[in-house]
Number of protein chains: 2
Amino acid sequence: MTTAITNEQLFVKTALASWNTTAGRAFKIFDSLSDEQLLKEIAPGKNRGLYLLGHLIAVNDAMIPQLRLGEASYTYLWESFVKQRDRAVSDLPPTAELRQNWKDSLAQLSEMLSNLSPSDWLERHATVSEEDFINEPHRNRLAILLSRTGHLSYHIGQLVLIDKSL
Amino acid sequence: MTTAITNEQLFVKTALASWNTTAGRAFKIFDSLSDEQLLKEIAPGKNRGLYLLGHLIAVNDAMIPQLRLGEASYTYLWESFVKQRDRAVSDLPPTAELRQNWKDSLAQLSEMLSNLSPSDWLERHATVSEEDFINEPHRNRLAILLSRTGHLSYHIGQLVLIDKSL
């Protein structure tokens, strides 16, 4: 016997499927790039793949506090991979460690996101006050998820430019 | 007096806001690029801005039949800007015409999308059969919108790489 899915659950399921598809696409790209290829730029003078790897770990992980679901785990990556430009910080974590962080972070997020109910998704996100949220109910957790899904797609569009012939 | 917004309306509002924000960002970028800059590549040997302009018009416009809302207007762009790679077709429409198509297409979509009710959004999209849709209700119109929003973000990530110093 199947339990009928409500419309609200369907909206959530569709949005989560979009996140999971996009995250899976990014996962596959990083997996296909060797450590040497990660040191290549997406275009002359632009970010390297390695920078985007650290950047995406940090930004995705920051969703956890933004969604008011707990503490971020990789806040120490923020300085080198978000606040500073690529190459501004030379002392970066080993690539193998970043690859592991990336996997762990995506798995943790996938678990957390799948546990939210439709009404959980419509609760406010962390950067809107309870007062403002009354008049701006679209500033909810779902808006954060859609924004971060778009952020991932944006950088996937750049990662596919890395020349894999070498 | 304000009418309370339902949860279903909120889900739709949040997804539409994500599309509109992303489309607005793409709009701003194309608007900021001169005709000469549109002829530049996003990276050496990759697509030119002009190709991405035609590509995004064609793919966004194709949402109309995919959402089962009517006929597409710019199917004639499909060959040069989707099926073929950049430069494979030399006889492209004038840039001014593409810029106008882009504006018209976004305005038309914005109007169409804003008229759908929450239950309209959960109806099947055109490439899933009525039979399959019974077991796969996530293959709905909203899934198409989220997918095309991601597609836009992907190419925005590339368009920002165009060197605007010349």
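The values are calculated or read from the model by the stated rules, or taken from the named source; none is laboratory data. Keep in mind the model is a prediction, meaning the values are calculated, not measured. We place every Cβ from the backbone using ideal geometry, glycine too, and count neighbours over all the protein chains shown. Remember, those area values only see protein heavy atoms, side chains included, never the ligands or the DNA or RNA. Shrake-Rupley method; radii C 1.70, N 1.55, O 1.52, S 1.80 Å.
Quick notes on this one:
- Here the protein assembly as shown is assigned +1 on the Cβ of each Lys and Arg and -1 on the Cβ of each Asp and Glu. Its dipole about the Cα centre then comes out at about 640 debye.
- Links that overshoot a 23 Å alpha carbon limit, given the list A:Lys103/B:Lys46; B:Lys46/B:Lys103; B:Lys46/B:Lys83; A:Lys40/B:Lys46: A:Lys103/B:Lys46; B:Lys46/B:Lys103
- Dipole of segment A:61-166, positive end: most advanced residue of A:Thr75, A:Val89, A:Leu116 [Cβ charges, Cα centre]: A:Val89
- Solvent-accessible area, 1.4 Å probe, carbon plus sulfur percent, for the protein assembly as shown: 50 percent
- Cα pair distances in the protein assembly as shown, grouped into 20 Å bins until the bin that holds the longest one, percent each: 29, 58, 13, 0
- Solvent-accessible area per residue for segment A:92-155 (1.4 angstrom probe, square angstrom): 46 Å²
- Expressed as a fraction of 2.2 N^0.38 Å, the value expected for a compact globular protein of N residues, the C-alpha radius of gyration of segment B:48-128 is 1.19.
- Cα shape, chain B, gyration tensor, a/c 1.5 rule: prolate
- Global geometry of segment A:86-136, whether rounded, prolate or oblate, following the gyration tensor of its Cα atoms and the 1.5 cut on a/c: oblate
- Radius ratio Rg over Rh of segment B:9-94, counting only Cα atoms, Kirkwood formula for Rh: 1.03
- Residue among B:Ala26, B:Ala72, B:Ala107 with the largest mean-square fluctuation in a Gaussian network model of chain B, springs linking Cα atoms under 10 Å: B:Ala107
- Loss of accessible area when A meets B, both sides summed, Å² nearest 100, probe 1.4 Å: 2700 Å²
- The alpha-carbon positions of segment A:110-156 define a convex hull whose volume is 82 Å³ per residue.
- Dipole magnitude for segment B:1-110: computed about the Cα centre from +1 point charges on Lys and Arg Cβ and -1 point charges on Asp and Glu Cβ, it is near 320 debye.
- Amide H contacts under 5 Å for B:Asn47: B:Ile42, restricted to partners 5 or more places along the chain or on a different chain, H placed in the peptide plane at 1.01 Å from N.
- Zone of A:Ser34's modelled label, taken as backbone nitrogen in segment A:141-166 under 14 Å from a point 7 Å along Cα→Cβ: A:163-166
- Karplus-derived 3J(HN,Hα), 6.51/-1.76/1.60, for each residue of segment A:61-75, Hz, glycine and proline x: 4, 5, 4, 4, x, 5, 8, 6, 10, x, 8, 6, 9, 10, 4
- Chain A: most fluctuating residue of A:His55, A:His138, A:His125 per GNM, C-alpha cutoff 10 Å: A:His138
- Pairs of C-alpha atoms in segment B:12-58 farther apart than 17 Å represent 42 percent of all such pairs.
- Inter-chain Cβ neighbour average for residues A:145-155, partner chain, 10 Å: 6
- Helix-derived mean residue ellipticity, 222 nm - over chain A, DSSP H n ≥ 4, -39500 (n - 2.57), to 500: -18000 deg cm²/dmol
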